[in-house]
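What follows is a set of notes on a single structure, which appears directly below.
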Amino acid sequence: MYGSFFVDEKKKVAVVVDKDSNRYHPTRNMAYIIGKKGYVKQVDLGESRNLNCFPRVCSFVPSSMQINHRGNHNTL
């Protein structure tokens with residue numbers, strides 16, 4: 001599929017986000033958390049509103065000072 005992933009080297013964990021494993025008609029957004037000693041957890045993130053879009057994960061989280069609020073185009 002077209003998923004994305006994030007690796008936290010300090011916590012020794014990886015998170016992969018993608019559509020569900022139904023190869024021909026994926027409808028759910030899923031997260032797979034992989035940790036130490038073979039730990040794997042599958043988390044259902046909910047139904048996909050657009051079947052042509054795939055979930056993404058990003059390792060960067062901006063501070064609240066960098067986020068533009070809807071309708072306000074000025075940086076706080």
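Please treat every number below as a calculation from the coordinates, not as lab data. Note that the coordinates shown come from a computational prediction; the quantities given were computed from them, not determined experimentally. When we count neighbours, we look across all protein chains shown, and the Cβ atoms used for this are built from the backbone with ideal geometry, even at glycine.
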Mean Cα-pair separation over length for region 4-47, i.e. relative contact order, pairs under 8 Å, 6 or more apart, %: 30 percent
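Excluding GLY3 itself, what net charge comes from residues whose Cβ is under 10 Å from its Cβ, given Lys and Arg +1 and Asp and Glu -1? Please report the intermediate quantities before stating the final value.
Numbers: positive: LYS19, ARG56; negative: ASP18.
Here the charged neighbours net out to +1.
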14 Å beta-carbon shell around ASN50, net charge (K/R +1, D/E -1): +3
Label-to-label distance, nm, for residues given as ARG49 and ILE33 (7 Å Cα→Cβ offset): 2.5 nm
Region 4-47: mean projected area of Cα convex hull, nm²: 3.3 nm²
